[in-house]
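Participant: Encoded as structure tokens, here's the structure I'll be asking about.
The values are calculated or read from the model by the stated rules, or taken from the named source; none is laboratory data. Predicted, not measured: the structure shown is a model, and the values here were computed from it. Neighbour counts run over all protein chains shown; Cβ positions are idealised from the backbone, glycine included. With ligands, DNA and RNA removed, areas are computed over all heavy atoms of the protein, side chains included. Shrake-Rupley method; radii C 1.70, N 1.55, O 1.52, S 1.80 Å.
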Protein chains: 4
Amino acid sequence: MDKRELILEATLELITENGFHATPMSMISKKAKVAAGTIYHHFENKEVLLEALYAESKKKMGRAMQLATVNGENYETDFKSIWISLFIFYADNSNTFQFLEQYAQSPFIRKETKEEQRKHYQPIIDFLGEGIRKGNLKSMDVEILTEMVHGTVASAAKIFHQNKGLSKNAIDQLAQFAWQAAKA
Amino acid sequence: MDKRELILEATLELITENGFHATPMSMISKKAKVAAGTIYHHFENKEVLLEALYAESKKKMGRAMQLATVNGENYETDFKSIWISLFIFYADNSNTFQFLEQYAQSPFIRKETKEEQRKHYQPIIDFLGEGIRKGNLKSMDVEILTEMVHGTVASAAKIFHQNKGLSKNAIDQLAQFAWQAAKA
Amino acid sequence: MDKRELILEATLELITENGFHATPMSMISKKAKVAAGTIYHHFENKEVLLEALYAESKKKMGRAMQLATVNGENYETDFKSIWISLFIFYADNSNTFQFLEQYAQSPFIRKETKEEQRKHYQPIIDFLGEGIRKGNLKSMDVEILTEMVHGTVASAAKIFHQNKGLSKNAIDQLAQFAWQAAKA
Amino acid sequence: MDKRELILEATLELITENGFHATPMSMISKKAKVAAGTIYHHFENKEVLLEALYAESKKKMGRAMQLATVNGENYETDFKSIWISLFIFYADNSNTFQFLEQYAQSPFIRKETKEEQRKHYQPIIDFLGEGIRKGNLKSMDVEILTEMVHGTVASAAKIFHQNKGLSKNAIDQLAQFAWQAAKA
DNA sequence: AATGAATGAGGGTTCATTCAT
DNA sequence: AATGAATGAACCCTCATTCAT
């Protein structure tokens with residue numbers, strides 16, 4: 001397996017468990033079964049490693065949302081489909097979820113990196129923007145609405161991980177929670 | 001001013017800015033204008049200092065919510081009043097908000113500490129539980145509903161701090177967002 | 001004894017023996033019988049430690065030259081007296097001599113530090129300048145003459161240390177060597 | 001061009017600029033446009049590379065002095081001719097000069113290597129020895145005299161490089177400085 | 001209670017060297 | 001002969017904590 005991949009994986013696991021500063025490079029190298037110096041062949045330093053992990057995670061999140069079945073016939077159905085896709089991604093990838101939550105606003109990630117990775121989030125912004133224009137959603141600033149809707153997914157995922165699971169019914173109820181909040 | 005208070009204040013400010021591990025005790029002692037050893041007269045070690053800060057912050061949050069005018073006449077009005085009280089506390093105390101968000105789930109805070117500080121949160125759980133029983137709110141697990149509603153406040157506060165402000169109108173709209181989500 | 005002094009002394013000894021990069025801070029701390037961190041209480045980092053040592057050494061050199069008996073009656077006698085004073089300092093302080101020779105032009109010492117420490121050398125420049133004006137010495141650029149005369153002292157000191165000693169006679173002969181070179 | 005030669009050249013340039021320990025093998029390999037491993041095909045390790053460079057440099061110095069026109073008619077003229085030949089070599093090859101000055105006494109060069117490379121210096125020792133015997137030069141230990149005379153060349157070269165040049169006149173004056181110092 | 005110099009374990013990072021290709 | 005990814009020991013430096021004052 002690619003060493004770069006092994007390092008990123010070990011980093012994700014350790015960093016969500018211990019936090020950035022409580023995860024020494026030596027611990028990462030041990031978990032990745034790689035020499036300490038090898039990490040530095042692939043990542044300039046610890047910060048760059050973190051940023052690479054952030055970029056990788058955002059990319060995966062973007063891909064997950066594109067798996068939602070959106071056919072444009074019924075806005076509510078499409079909305080819930082996207083909501084559930086993201087929820088499932090967060091539920092299935094607890095480390096990635098925690099990592100993104102924790103580092104989204106941290107000073108470890110440079111503004112430019114965040115800006116650049118925003119592209120993976122653009123489709124959902126567009127979808128909500130369209131909903132606002134068409135009158136399906138509340139007439140709000142689209143950035144604010146996006147943040148609020150995303151907040152409902154994040155809260156739901158947090159509950160999922162605390163509970164170590166959630167029934168199909170409960171998930172649908174939470175999607176409904178989000179939909180009623182956002183709809184016009 | 002009490003040295004203990006000065007230390008806690010300096011810690012809050014520095015830790016939200018830099019994170020736990022990127023905030024040396026020496027930096028705290030400098031900001032608090034206190035000798036390094038003095039911190040250890042008031043707090044056994046760095047972790048204990050953090051836990052004390054957590055307890056203090058939760059207490060303040062609890063007090064803020066008790067300022068809401070809840071008269072029991074109209075459930076929706078009371079719901080929004082509490083929602084806005086908490087939001088205002090988070091808006092006015094950005095460091096405390098950030099700190100609680102960041103460390104609520106971090107491994108730095110021992111489970112027992114978290115459990116103990118839950119008491120400050122009990123009134124709102126009771127209020128929502130009553131709403132469910134009375135049929136004002138969705139019939140959901142009260143813990144789940146509480147987490148979801150709290151999530152809307154946290155998202156709103158995050159937006160407030162990113163935007164560096166939010167109009168009265170926008171705040172009311174966000175309270176409405178939460179209410180429509182939660183109501184039966 | 002002052003820890004700062006102990007550290008400087010250990011550094012001088014080790015650095016002349018091994019060179020800057022071959023002398024780990026851990027080695028210095030061990031020789032000075034001081035914890036590694038203690039060095040950093042007295043010197044910001046390794047480079048600053050080196051610069052402090054340089055400044056200290058230049059100061060000592062300046063003091064040594066002021067011990068020469070210069071009465072202004074006979075220029076040749078005064079010239080040789082100064083020459084021998086500096087020679088004796090270099091002979092008696094082999095480490096300081098080696099250190100100054102080695103680091104005088106090294107990139108470790110910042111230009112500003114060198115400029116600043118030049119003051120300890122000013123008296124001899126003045127003395128040689130006066131000799132040129134009065135016709136006692138060759139009519140040359142005073143900086144060049146100073147460098148050449150200093151070179152003779154340095155060469156003599158090098159010989160002294162290689163030979164592990166030099167007779168009074170030989171020293172006088174070398175002072176004479178320098179005088180004949182420099183005199184008009 | 002021969003890779004061995006490229007490596008030696010890169011090493012000379014980098015080592016005079018940064019010093020031995022501040023010049024990683026990777027830096028040398030990059031400058032020489034050669035893979036890291038390739039250096040180890042030509043030189044057993046870093047120390048051996050340094051010693052090879054030392055030997056090469058001493059050889060070049062020896063060759064330069066042999067270019068002096070020495071016809072045995074006038075000792076003073078021959079003395080100055082040799083002095084100037086060496087000076088010109090040091091002036092033209094600033095890196096080699098610096099390197100030899102810096103590493104002549106350093107612990108990096110083994111005694112045996114230094115002994116072996118002394119052969120390139122033998123002709124000048126013989127020339128000065130003859131001058132002493134014939135009464136042209138001061139009656140001194142020939143090794144001491146050689147060191148002192150060489151010191152004047154080295155000082156002159158140092159001045160040359162600091163000044164970034166020196167007039168023909170000045171050079172003659174410095175040769176005269178050396179001659180008056182050494183002559184009987 | 002308060003101070004701050006001192007400690008030394010442990011962190012991020014570098015780099016001489018190896019070895020499979 | 002030549003390559004360059006990989007190694008891991010060793011470096012500089014930081015910082016939680018102690019303790020004599």
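Participant: Looking at D:Ser29, is it near DNA strand E (Cβ under 9 Å from one of its atoms) and polar (S, T, N, Q)?
Facilitator: In short, yes.
Participant: Search the stretch A:139-184 for residues being among the charged types (D, E, K, R) and closer than 18 Å to B:Thr146 by Cα, and hand back the single one that is surrounded by the most Cβ atoms within 10 Å (Cβ to Cβ).
Facilitator: A:Lys158
Participant: Does the stretch C:150-158 contain at least one residue that is closer than 26 Å to D:Phe20 by Cα, out of contact with any Cys (no Cβ under 6 Å at 6 or more places or on another chain) and hydroxyl-bearing (Ser, Thr, Tyr)?
Facilitator: Checked against the condition, which is being closer than 26 Å to D:Phe20 by Cα, out of contact with any Cys (no Cβ under 6 Å at 6 or more places or on another chain) and hydroxyl-bearing (Ser, Thr, Tyr), the stretch C:150-158 yields at least one hit.
Participant: Would you pick out the residues in the stretch A:1-13 that are open to solvent by 20 Å² or more (accessible area, probe 1.4 Å) and within 18 Å of the chain's Cα centre (by Cα)?
Facilitator: A:Glu9, A:Leu12, A:Glu13
Participant: Looking only at the stretch C:54-75, decide whether some residue is within 13 Å of another protein chain (Cβ to nearest Cβ), away from DNA strand E (no atom under 16 Å from the Cβ) and among the hydrophobic types (A, V, I, L, M, F, W, C).
Facilitator: Checked the stretch C:54-75: no residue is within 13 Å of another protein chain (Cβ to nearest Cβ), away from DNA strand E (no atom under 16 Å from the Cβ) and among the hydrophobic types (A, V, I, L, M, F, W, C).
Participant: Being more than 9 Å from chain B (Cβ to nearest Cβ) and in contact (Cβ under 8 Å) with a residue 40 or more places away in the chain is the filter here; which residues of the stretch A:150-171 pass it? Spell out how you get there, then give the answer.
Facilitator: Taking the stretch A:150-171 and keeping what is more than 9 Å from chain B (Cβ to nearest Cβ), we get A:153, A:157, A:160-161, A:164-165, A:167-169, A:171.
Answer for the stretch A:150-171, where residues must be more than 9 Å from chain B (Cβ to nearest Cβ) and in contact (Cβ under 8 Å) with a residue 40 or more places away in the chain: A:Val153, A:Ala157, A:Phe160, A:His161, A:Ile171.
Participant: Go through the stretch D:89-135 residue by residue and tally those that are within 22 Å of D:Ser155 (Cα to Cα) and not in a helix (DSSP H, G or I).
Facilitator: Residues meeting the conditions: 4.
Residue by residue, here is whether (1) in the same structural domain as C:Phe87 (by TED's automatic domain parsing); (2) β-branched (Val, Ile, Thr); (3) within 15 Å of the chain's Cα centre (by Cα) holds:
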position: C:Glu130; (1), (2), (3): yes, no, no
position: C:Gly135; (1), (2), (3): yes, no, no
position: C:Thr146; (1), (2), (3): yes, yes, yes
position: C:Ala157; (1), (2), (3): yes, no, yes
position: C:Ile171; (1), (2), (3): yes, yes, no
position: C:Ala175; (1), (2), (3): yes, no, no
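Participant: Of the numbered conditions (1) open to solvent by 20 Å² or more (accessible area, probe 1.4 Å); (2) within 14 Å of chain A (Cβ to nearest Cβ); (3) more than 8 Å from DNA strand F (Cβ to nearest atom), B:Lys31 fails exactly one; give the number of that condition.
Facilitator: Just one mismatch for B:Lys31, condition (2).
Participant: Then there's this: Determine the pairs where a residue that is under 18 Å from B:Asp2 (Cβ atoms), located within the stretch B:14-38, has a partner that is near DNA strand E (Cβ under 10 Å from one of its atoms) and part of a loop (DSSP other than H, G, I, E, B) with Cβ atoms under 7 Å apart, the partner being 6 or more residues away or on another chain.
Facilitator: Matching pairs, first to second residue: B:Ser29/B:Ala35.
Participant: Across the stretch D:16-26, what is the number of residues that are assigned to a helix (DSSP H, G or I) and near DNA strand E (Cβ under 8 Å from one of its atoms)? Spell out how you get there, then give the answer.
Facilitator: Of the residues in the stretch D:16-26, the ones assigned to a helix (DSSP H, G or I) are D:16-18, D:25-26.
With near DNA strand E (Cβ under 8 Å from one of its atoms) added as a condition, the list becomes D:25-26.
Residues that pass the stated criteria total 2.
Participant: So in the stretch C:34-53, with the set limited to residues that are among the hydrophobic types (A, V, I, L, M, F, W, C) and either closer than 11 Å to C:Leu12 by Cβ or more than 11 Å from DNA strand F (Cβ to nearest atom) (or both), which one is nearest to the other protein chains (Cβ to nearest Cβ)?
Facilitator: Taking the stretch C:34-53 as the starting set, the residues that turn out to be among the hydrophobic types (A, V, I, L, M, F, W, C) are C:34-36, C:39, C:43, C:48-50, C:52-53.
Remaining after also requiring either closer than 11 Å to C:Leu12 by Cβ or more than 11 Å from DNA strand F (Cβ to nearest atom) (or both): C:34, C:49-50, C:52-53.
On the way: C:Val34: 19, C:Leu49: 16, C:Leu50: 12, C:Ala52: 19, C:Leu53: 17 Å.
Among those residues, the one meeting the criterion is C:Leu50.
Participant: Give C:Ile82, C:Ile109 a once-over and let me know the one that is within 21 Å of D:Ser106 (Cβ to Cβ) and in contact (Cβ under 8 Å) with a residue 40 or more places away in the chain.
Facilitator: Selected residue: C:Ile109, the only one of C:Ile82, C:Ile109 that is within 21 Å of D:Ser106 (Cβ to Cβ) and in contact (Cβ under 8 Å) with a residue 40 or more places away in the chain.
Participant: Could you check how many residues of the stretch B:76-97 are within 14 Å of chain A (Cβ to nearest Cβ), closer than 30 Å to B:Asn45 by Cβ and touching a Lys or Arg at 6+ places or on another chain (Cβ under 9 Å)?
Facilitator: So the answer is 2.
Participant: So in the stretch C:52-77, with the set limited to residues that are farther than 12 Å from C:Thr96 by Cβ, aliphatic (A, V, I, L, M) and without any contact (Cβ under 8 Å) to a residue 40 or more places away in the chain, which one is surrounded by the fewest Cβ atoms within 10 Å (Cβ to Cβ)?
Facilitator: My answer is C:Leu67.
Participant: To continue, here is another question. For the structure I just gave you, tell me whether A:Thr11 is in contact (Cβ under 8 Å) with a residue 12 or more places away in the chain, within 14 Å of chain B (Cβ to nearest Cβ), within 16 Å of DNA strand F (Cβ to nearest atom) and in contact with a Leu (Cβ under 9 Å, 6 or more places away or on another chain).
Facilitator: Spelling it out, it is not the case that A:Thr11 is in contact (Cβ under 8 Å) with a residue 12 or more places away in the chain, within 14 Å of chain B (Cβ to nearest Cβ), within 16 Å of DNA strand F (Cβ to nearest atom) and in contact with a Leu (Cβ under 9 Å, 6 or more places away or on another chain).
Participant: Restricting the search to the stretch A:87-113, which residues are open to solvent by 20 Å² or more (accessible area, probe 1.4 Å) and small (Gly, Ala, Ser)?
Facilitator: Listed by number, the residues that qualify are A:Ser94, A:Ala104.
Participant: Let me ask something else. With the checklist (1) more than 19 Å from D:Pro107 (Cα to Cα); (2) more than 16 Å from DNA strand F (Cβ to nearest atom); (3) open to solvent by less than 40 Å² (accessible area, probe 1.4 Å) in hand, flag the one item D:Thr16 doesn't pass.
Facilitator: (1)
Participant: Find the residue count for the stretch C:58-97, including only residues that are of a type in the set (Ser, Thr, Tyr), touching a helix residue (DSSP H, G or I) at 6+ places or on another chain (Cβ under 7 Å) and modelled with pLDDT of 95 or more.
Facilitator: First pass over the stretch C:58-97, keeping only residues of a type in the set (Ser, Thr, Tyr): C:69, C:75, C:77, C:81, C:85, C:90, C:94, C:96.
The next check asks that each one be touching a helix residue (DSSP H, G or I) at 6+ places or on another chain (Cβ under 7 Å); those that pass are C:69, C:75, C:85, C:90, C:94, C:96.
From the residues that got through so far, the ones that are modelled with pLDDT of 95 or more too are C:75, C:85, C:90, C:94, C:96.
Within the stretch C:58-97, residues that are of a type in the set (Ser, Thr, Tyr), touching a helix residue (DSSP H, G or I) at 6+ places or on another chain (Cβ under 7 Å) and modelled with pLDDT of 95 or more number 5.
Participant: So, one more: For the stretch B:136-184, which residues satisfy the criterion of being outside any helix (DSSP H, G or I) and out of contact with any Lys or Arg (no Cβ under 8 Å at 6 or more places or on another chain)?
Facilitator: Residues satisfying the conditions are B:Ser139, B:Met140, B:Asp141, B:Lys164, B:Gly165, B:Leu166, B:Ser167.
Participant: Condition first: modelled with pLDDT of 95 or more, at the interface with chain A (Cβ under 9 Å from one of its Cβ atoms) and open to solvent by 10 Å² or more (accessible area, probe 1.4 Å). Can you find one or more residues in the stretch B:126-138 that meet it?
Facilitator: The answer is yes, given that some residue of the stretch B:126-138 is modelled with pLDDT of 95 or more, at the interface with chain A (Cβ under 9 Å from one of its Cβ atoms) and open to solvent by 10 Å² or more (accessible area, probe 1.4 Å).
Participant: Please state which one of D:Ile39, D:Ile84 is in a helix (DSSP H, G or I), crowded, with 16+ Cβ neighbours inside 10 Å and within 12 Å of DNA strand E (Cβ to nearest atom).
Facilitator: Details: D:Ile84 fails: within 12 Å of DNA strand E (Cβ to nearest atom).
Exactly one of D:Ile39, D:Ile84 is in a helix (DSSP H, G or I), crowded, with 16+ Cβ neighbours inside 10 Å and within 12 Å of DNA strand E (Cβ to nearest atom), namely D:Ile39.
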